[in-house]
1. Which pairs have Cβ atoms under 8 Å, sit 6 or more apart or on different chains, and link a residue in segment 167-188 that is free of Cβ contacts under 8 Å to residues at least 60 places away in the same chain to one that is open to solvent by 60 Å² or more (accessible area, probe 1.4 Å) and more than 13 Å from ligand 1 (Cβ to nearest atom)?
2. So, in segment 227-273, how many residues would count as being in a loop (DSSP other than H, G, I, E, B), surrounded by fewer than 16 Cβ atoms within 10 Å (Cβ to Cβ) and not hydrophobic (A, V, I, L, M, F, W, C)?
3. Residue under question is Leu221, and the condition is that it be farther than 23 Å from Ile58 by Cβ, in contact (Cβ under 8 Å) with a residue 60 or more places away in the chain, crowded, with 18+ Cβ neighbours inside 10 Å and not polar (S, T, N, Q); does it hold?
4. All but one of (1) closer than 25 Å to Thr18 by Cα; (2) away from ligand 2 (no atom under 16 Å from the Cβ); (3) of a type outside the set (Gly, Ala, Ser) hold for Glu141, so report the exception by its number.
5. Checking the conditions here, which among Phe207, Phe180 is surrounded by 19 or more Cβ atoms within 10 Å (Cβ to Cβ), under 30 Å from Asp160 (Cβ atoms) and touching a helix residue (DSSP H, G or I) at 6+ places or on another chain (Cβ under 8 Å)?
6. Quick one: would you say Gly111 is in contact with an Asp or Glu (Cβ under 9 Å, 6 or more places away or on another chain), over 15 Å from Asp160 (Cα atoms) and either open to solvent by less than 70 Å² (accessible area, probe 1.4 Å) or in contact (Cβ under 8 Å) with a residue 60 or more places away in the chain (or both)?
7. List the strands (runs of 3 or more DSSP E) inside segment 10-95, counting only whole elements, that have at least 1 residues being of a type outside the set (Phe, Trp, Tyr) and surrounded by fewer than 23 Cβ atoms within 10 Å (Cβ to Cβ).
8. Quickly run through segment 274-288 and pick out the residues that are modelled with pLDDT under 90 and more than 27 Å from the chain's Cα centre (by Cα).
Amino acid sequence: MDNSKRLKLAVQKDGRLTEKTLAFLEDAGLEFDAFARRLYAACRNFPLDIVFVRDDDIPRYVAQGTADLGFVGRDVLYETAPAVDTVMPLPFGFCSLKLAVPRESAITDIGSLRGRVIATSFPRSVKRFFADNSIPVETLEIGGAVEIAPALGLSAAVADLVSTGSTMALNDLRPIATIFESTAVLISRPGLTGLKKTISDRLELRFRGVVAASSWKYVILNAPCTSLPALTASVPSLKSPTITPLADPGWVSVATAVREESFWETMEKLKRVGATDIIVLPIEKMVP
Ligand code: PRP
Ligand code: ZN
């Protein structure tokens, strides 16, 4: 396969981001088979190859050009500050780096960790956090399964990523502070040019279409003509709403896109100004 004609996208092989990442790629219309998390999947309908790797390695692969693009959590970018471009935030992968102690530990606040050992895969972020709080601590860097360190007598606390919280709960750990919060982002190799840049731009347009669509809903409603001025003023839409007359001359049908984040506020306003029979539809794609 000619490598210069296809982009390589690095995604997490097995972890917090994997399922959401694959669903997002499918929503963007990419067709590929990721049987049992193989190492490699070629898209059938787009010049893109997907490589499955450890999330912590993704920034380095993208920085050195082993991959052209990557889906990764901001957490690893905060930790390693790699030489990559952040192209766009993605609407999944919410997690936070939390400090936690064994459930039965007497420690309840970060001040009590003065001089103690903290096990983590994020030593730089942890050092920065404690330096900012002027509390001297020791960090113990562990590559994976950090949550086991206190039980092994290696540390008084851990700093680990929490997404659903089930890993911490399973290991009887109690969070005491949040170091940072993070979501997934699309990163790219700096200085992509030529055909690769063109392919990357096409892909970015598709990704933005999926993100935009998931943050809007399509709404169709009926309203008396008399309430139209108040109604159009209270509907934040893309340009302006579509208005169609109904068979009943006193009524119109109004169609518009409504932002997900203010969805219920908009519904309440619409009801107040006389809207009825409100139908809400998901938007699959939205191309500016
Ligand atoms: C992180 C972290 C925990 C898990 C927490 O792993 O190390 O194992 O996520 O998720 P939970 O709160 O939903 O249980 P990550 O996906 O980064 O994989 P890695 O440990 O292989 O880097
Ligand atoms: Zn990780």
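The values are calculated or read from the model by the stated rules, or taken from the named source; none is laboratory data. On a predicted model such as this, the values are computed, not experimentally measured, just so you know. Note that each Cβ is placed from the backbone with ideal geometry, even for glycine, and that neighbours are counted across all protein chains shown. Just so you know, the surface numbers come from the protein's heavy atoms only, side chains and all, with ligands and any DNA or RNA stripped out. Shrake-Rupley method; radii C 1.70, N 1.55, O 1.52, S 1.80 Å.
1. If the second residue must be open to solvent by 60 Å² or more (accessible area, probe 1.4 Å) and more than 13 Å from ligand 1 (Cβ to nearest atom), the pairs left are Asn171/Ala151.
2. Total meeting the criteria: 6.
3. Judged against the criteria, Leu221 is not a match.
4. Against the list (1) closer than 25 Å to Thr18 by Cα; (2) away from ligand 2 (no atom under 16 Å from the Cβ); (3) of a type outside the set (Gly, Ala, Ser), Glu141 comes up short only on (2).
5. Result: Phe207 is the single residue among Phe207, Phe180 that is surrounded by 19 or more Cβ atoms within 10 Å (Cβ to Cβ), under 30 Å from Asp160 (Cβ atoms) and touching a helix residue (DSSP H, G or I) at 6+ places or on another chain (Cβ under 8 Å).
6. So Gly111 fails the test.
7. Of the strands (runs of 3 or more DSSP E) lying wholly inside segment 10-95, those with at least 1 residues that are of a type outside the set (Phe, Trp, Tyr) and surrounded by fewer than 23 Cβ atoms within 10 Å (Cβ to Cβ) span 40-42, 48-53, 85-89.
8. none
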